[in-house]
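Report on the following structure.
The values are calculated or read from the model by the stated rules, or taken from the named source; none is laboratory data. Small disclaimer: the values here were computed from a predicted structure and weren't measured. Cβ atoms come from the backbone with ideal geometry, glycine included; neighbour counts cover every protein chain shown. When the accessible area is computed, the model is the full protein with side chains, heavy atoms only, and any ligands, DNA or RNA have been set aside. Shrake-Rupley method; radii C 1.70, N 1.55, O 1.52, S 1.80 Å.
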Amino acid sequence: MLATLAGLSILIIGDSHMSNAGYLIDSLHLPLVQAGAKVHSIGVCGSVPGDWTTVKQSHCGGADRVNDGPIKYIGSAAATQPVKDVIAKEKIDLIVVVQGDTIGGYKAPTYPRAWAYQQVSALTKDIAASGAACVWVGPAWGTEGGKFGKTYEGVKTVATFLASNVAPCSYIDSTTMSKPGQWRTVDGQHFTDSGYKQWGAALVKAIAESPAVAKKK
């Protein structure tokens, strides 16, 4: 099954879920490398999709990892990069976008659909122009409450929105990978090591089976 990933050059961009050891920069990145892909991961804490069309400074750091090398933590200098430039420079076959919670609007009285659409469409436009295949990873359940105000209803709302608006990317629905509250969190949104391991393993399988990867083979 994972043989479909061998030989691909993969770029993963994301928010804080990609920014710390034990998070997806470990549990998603490394299995893709072990499957034979070349993988570059860039995590920028607090980033939203539109930030990846330009250079946008982070207020909470980030991380970078290439293939089986170590995680390089970036503090106050952390910033997004224009994804079209990275794709062209590194000859990327497949881009994996991990962006869901930061456009979840969990504390908003109503979901900020117009703003979210603006964010998503800005990024998908640049990805489409690059010619790279794409998969978009939506939010996982987490647990309700915590400082980010995450709720199961909010997760359902943003997951439904993303499923209909990330084309030409293939959508990966992380809510199908666990039951609400099944993976423990430290703050409602970020998982314990166990949760990230399970999420990462499920994502690798979903990416390998995605239509985006099939088109590249």
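When the chain is described by a simple charge dipole with +1 on each Lys and Arg Cβ and -1 on each Asp and Glu Cβ, the residue from Gln81, Ala163, Ser194 located farthest towards its positive end is Ala163.
Magnitude of the Cβ-charge dipole of the chain, K/R +1 and D/E -1, about the Cα centre, nearest 20 debye? Don't skip to the end; give the middle numbers.
On the way: 20 positive and 16 negative charges, 50 e Å.
The calculated dipole for the chain is roughly 240 debye.
Under a Gaussian network description of the chain, with springs only between Cα atoms under 10 Å, the residue in Val66, Val155, Val55 that fluctuates furthest is Val55. Helix content alone sets the calculated 222 nm mean residue ellipticity of the chain: runs of n ≥ 4 DSSP H residues at -39500 (n - 2.57) each, divided across all residues, give -10000 deg cm²/dmol.
Using only Cα coordinates, the Kirkwood hydrodynamic radius of the chain works out to 16.9 Å. Taken per residue, the accessible surface of the chain reaches 43 Å², heavy atoms only and a 1.4 Å probe.
Amide H contacts under 5 Å for Thr185: Thr192, restricted to partners 5 or more places along the chain or on a different chain, H placed in the peptide plane at 1.01 Å from N.
The value of relative contact order for segment 5-60, using C-alpha pairs under 8 Å at least six residues apart, is 43 percent. Within the same chain, lysines fewer than 8 places from Lys179 are excluded, and of the rest, those with a Cα less than 30 Å from its Cα are Lys107, Lys147, Lys150, Lys156, Lys197, Lys205.
For the chain, which whole percent of the accessible surface, found with a 1.4 angstrom probe, sits on carbon and sulfur atoms? Whole-percent figure for carbon plus sulfur exposure: 54.
Taking the chain as a Gaussian network of alpha-carbon nodes connected by springs under 10 Å, the highest mean-square fluctuation of the residues Thr157, Thr80, Thr176 belongs to Thr176. Note on the chain: GNM, Cα springs under 10 Å; of Ser19, Ser174, Ser76, the largest mean-square fluctuation is that of Ser76.
The lysines whose alpha-carbon is closer than 24 Å to the alpha-carbon of Lys89, local same-chain residues fewer than 8 away aside, are Lys38, Lys56, Lys72, Lys125, Lys215, Lys216, Lys217.
Taking the DSSP bridge list for segment 1-144 and keeping only pairs wholly inside it, about 35 percent are antiparallel.
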